[in-house]
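To start, the structure under review is shown below, and the notes come after it.
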There are 2 protein chains.
Amino acid sequence: MSSNFADRLLEGIKAKGSPIAVGLDPQYSRLPLVIRENKELNDELDTESAVDAIFDFSTKIMRIIAPHVAAVKLNIAFFEKYYWEGIEAYYSLVEEANDLGLEIIGDVKRADIPDTNEVYSRSHLANPEFTNMEDLLAPDAVTVNPYFGIEALRPFFNIAAEQGKGIFVVCRSSNPEAHEIQDFVNADGKKLYEHVAELISKVGAEPAMMGNHGYSCLGAVVGATDPDAAKQLREIMPHTLFLVPGYGTQGGTADAARACFKDDGTGAIVTATRSIIYAYESDQYKGSPSWEKAVEQAVIDMKEQIKAVLGG
Amino acid sequence: MSSNFADRLLEGIKAKGSPIAVGLDPQYSRLPLVIRENKELNDELDTESAVDAIFDFSTKIMRIIAPHVAAVKLNIAFFEKYYWEGIEAYYSLVEEANDLGLEIIGDVKRADIPDTNEVYSRSHLANPEFTNMEDLLAPDAVTVNPYFGIEALRPFFNIAAEQGKGIFVVCRSSNPEAHEIQDFVNADGKKLYEHVAELISKVGAEPAMMGNHGYSCLGAVVGATDPDAAKQLREIMPHTLFLVPGYGTQGGTADAARACFKDDGTGAIVTATRSIIYAYESDQYKGSPSWEKAVEQAVIDMKEQIKAVLGG
């Protein structure tokens, strides 16, 4: 197994034949009825029942998607919702995902001053050092926020370089409100997100972070919602892997997703969350023999869609 | 008790006679020897012992500072370090602080797209809704990050307005690396942090957020490290409470702290962390009869310092 995260992710994408990371944002009220109707799991207002239900759902989803995709993205907000019980479930799911051979992206969006980033990077990215937590695993990569400065994130970069982990800095997010800040433009017409991209590209090029396939373990989050921005960012960050949210439910387009990839079809991993994990709710898949089959078909169809987008 | 967070904080500051929030960033290796030498608490590499030691220390600190300051700021990174056990301790400390009549600022620096902010704001700011968590309390206020757009933080604003809670958006952070992003300047010479300040000021002026003392429950984090920036930000955000880190250990100056206040001495709350909670390590206080006395004297001295800064 490659020791650089970018290499490992690229090899996983090749092996599975799809540059897709399935997002897990589990919400109790949208879980399949068969789970919610289980009498031990059917209390939304009891954290233990709710967490058990979400854990059951999430492990089943991961088993369904593992043959088809290289990575899973766990949105920690949906676990923090259940306080410490949710956090315990989050780390258990990291272990399950690891057993299934998936690369695990902890979608935690952390950032603070460097002293605090040192602490955040220990729990969210580094391999645990506690004697009573020997079996615990941290994710293979995390998302972080650039507002405190890219250099302020150095503790994350150090751990990534030392322990074969990855980081995705939010560069251009997929939500419409992002323009308020990210489109702030300087006298040369350069937007803030382009400036962030330049900083990411520069730091990511450091030898300790570069893998053997031309990409860095320092990646960027680039929404699939603006094809022009994606195209431009692809040029500014030639050795940066893009984590691409917003495709599907958030109104992202095939054009914008295409622009996140290089001509050779590498350079990005598209995340799909609600369109996959809640596929059984959609008109397209609700006739499936089971909720699991709906999810499986949705991920297979998405693989084909992305192949078509890439012209493959 | 006032139902607007800004009113409550201002009343607390007046009652205690000091615009200070003590920060709790507990690190095991810096705990007083008397705690670390307790044989049940002396294992840094066991999360249970370490969390018990940190919890013991933190509750003692809070009892010492409660007569002198209005607020405590809990940096969640130092609890996340211990995974779910740390998070359980974090919420227990919120309860302890509440029993002591302190306003509690959860220093969590969260932000994401609005759907996810909806979920984050539920666990970090809203009163819990779970039937098995009836005694649980969430902090009175949290820190958030502006990079996804100020409007993306709307779920936090809604909870603040509905439940009498507060928010501090990071505007100008105290770390030197901040300039990489926050000083990005547009064609009119406006820096990004000033732009962020304008957005904060505008949203904070909404009637649902304004209190009776001329301040909004939507505040801003403004470092005490740049007097000119602080002065300018004080003008851009006339009804915004500043949470001011960086005074003391991080090299902040009295001038910069002064500039965060209005002429009438209101408008800001200065945070002090390591200089207070680890006072017993410093040359100035290490002759104290106990670590507790050192901490108490440090907070009393800081009160006087800030009074002097404010010319009171």
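The values are calculated or read from the model by the stated rules, or taken from the named source; none is laboratory data. From a predicted model like this one, the values you see are computed outputs, not experimental measurements. We place every Cβ from the backbone using ideal geometry, glycine too, and count neighbours over all the protein chains shown.
Can you confirm whether B:Arg122 is farther than 21 Å from B:Ser18 by Cα, assigned to a helix (DSSP H, G or I) and either out of contact with any Gly (no Cβ under 8 Å at 6 or more places or on another chain) or not hydrophobic (A, V, I, L, M, F, W, C) (or both)? Write out each step before concluding.
Values: farther than 21 Å from B:Ser18 by Cα: yes; assigned to a helix (DSSP H, G or I): yes; either out of contact with any Gly (no Cβ under 8 Å at 6 or more places or on another chain) or not hydrophobic (A, V, I, L, M, F, W, C) (or both): yes.
So B:Arg122 passes the test.
Criterion first (closer than 23 Å to A:Ala220 by Cβ, loosely packed, with under 15 Cβ neighbours inside 10 Å and of a type in the set (D, E, K, R)) does A:Asp283 satisfy it? First the steps, then the outcome.
On the way: closer than 23 Å to A:Ala220 by Cβ: no; loosely packed, with under 15 Cβ neighbours inside 10 Å: yes; of a type in the set (D, E, K, R): yes.
No, not satisfied.
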**Report entry** Qualifying helices (runs of 4 or more DSSP H) (wholly inside the stretch A:157-260; at least 3 residues being more than 14 Å from every other protein chain (Cβ to nearest Cβ))
**Finding:** A:227-236, A:254-259
Report task. Could you tell me which numbered condition B:Asp135 fails, if it satisfies all but one of (1) more than 8 Å from every other protein chain (Cβ to nearest Cβ); (2) of a type outside the set (A, V, I, L, M, F, W, C); (3) surrounded by fewer than 23 Cβ atoms within 10 Å (Cβ to Cβ); (4) under 21 Å from A:Ser121 (Cα atoms)? Result -> (4)
Report summary line: For the stretch A:195-232, the count of residues that are modelled with pLDDT under 95 and within 19 Å of A:Asn158 (Cα to Cα) equals 0
Requested in this report: Quick one: which residue in B:Ala126, B:Ala141 is surrounded by fewer than 23 Cβ atoms within 10 Å (Cβ to Cβ) and among the small types (Gly, Ala, Ser)?
Outcome: B:Ala126
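Within the stretch B:131-148, restricting attention to residues that are outside any helix (DSSP H, G or I) and over 20 Å from B:Gly164 (Cβ atoms), which residue is nearest to the chain's Cα centre (by Cα)?
Of all residues in the stretch B:131-148, those outside any helix (DSSP H, G or I) come to B:134-148.
Filter again for over 20 Å from B:Gly164 (Cβ atoms), leaving B:145-148.
Working: B:Asn145: 14, B:Pro146: 16, B:Tyr147: 19, B:Phe148: 21 Å.
Checked the stretch B:131-148; the qualifying residue nearest to the chain's Cα centre (by Cα) is B:Asn145.
Listed residues A:Ala254, A:Ala279; which is touching a residue at least 40 places away in the same chain (Cβ under 8 Å) and more than 25 Å from A:His213 (Cα to Cα)? If you could, list the steps in order and put the result at the bottom.
Details: A:Ala279 fails: touching a residue at least 40 places away in the same chain (Cβ under 8 Å).
Result of the check over A:Ala254, A:Ala279: A:Ala254.
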Query - Matching residues, the stretch B:158-188, being surrounded by fewer than 22 Cβ atoms within 10 Å (Cβ to Cβ) and of a type outside the set (A, V, I, L, M) - result: B:Asn158, B:Glu162, B:Gln163, B:Gly164, B:Pro176, B:Glu177, B:His179, B:Glu180, B:Asp183, B:Phe184, B:Asn186, B:Asp188
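If you take the residues in the stretch B:111-132 that are of a type in the set (A, V, I, L, M, F, W, C) and within 8 Å of chain A (Cβ to nearest Cβ), which one is nearest to B:Ala89 (Cα to Cα)?
From the stretch B:111-132, those of a type in the set (A, V, I, L, M, F, W, C) are B:111, B:113, B:119, B:125-126, B:130; that's our starting set.
With within 8 Å of chain A (Cβ to nearest Cβ) added as a condition, the list becomes B:111, B:113, B:119, B:130.
Numbers: B:Ala111: 23, B:Ile113: 28, B:Val119: 21, B:Phe130: 18 Å.
Checking each candidate, the answer is B:Phe130.
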**Report entry** Members of the stretch A:26-64 that are of a type in the set (Asp, Glu) and over 23 Å from B:Leu136 (Cβ atoms)
**Finding:** A:Glu37, A:Asp56
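Quick grid of which residues meet (1) touching a Phe, Trp or Tyr at 6+ places or on another chain (Cβ under 7 Å); (2) in contact (Cβ under 8 Å) with a residue 24 or more places away in the chain; (3) over 22 Å from A:Cys171 (Cα atoms); (4) of a type in the set (S, T, N, Q):
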site: B:Leu102; (1), (2), (3), (4): no, yes, yes, no
site: B:Arg110; (1), (2), (3), (4): yes, yes, no, no
site: B:Phe130; (1), (2), (3), (4): no, no, yes, no
site: B:Ala138; (1), (2), (3), (4): no, yes, yes, no
site: B:Ala141; (1), (2), (3), (4): yes, yes, yes, no
site: B:Glu151; (1), (2), (3), (4): no, yes, no, no
Query raised in the report: Which strands (runs of 3 or more DSSP E) does the stretch B:15-110 wholly contain that include 2 or more residues that are touching a His at 6+ places or on another chain (Cβ under 9 Å), within 14 Å of chain A (Cβ to nearest Cβ) and of a type outside the set (A, V, I, L, M, F, W, C)?
Result: B:103-110
Requested in this report: Tell me which residues, restricted to the stretch A:262-304, are within 24 Å of A:Pro26 (Cα to Cα), of a type outside the set (A, V, I, L, M) and not in a loop (DSSP other than H, G, I, E, B).
Outcome: A:Thr271, A:Arg274, A:Ser275, A:Tyr280, A:Glu281, A:Trp291, A:Glu292, A:Lys293, A:Glu296, A:Gln297, A:Asp301, A:Lys303
Report task. Answer yes or no: is there a residue in the stretch B:232-248 that is buried (at least 18 other Cβ atoms within 10 Å of the Cβ) and at positive phi. Result -> yes
Report task. State whether one or more residues within the stretch A:278-296 are small (Gly, Ala, Ser) and under 18 Å from A:Leu10 (Cα atoms). Result -> no
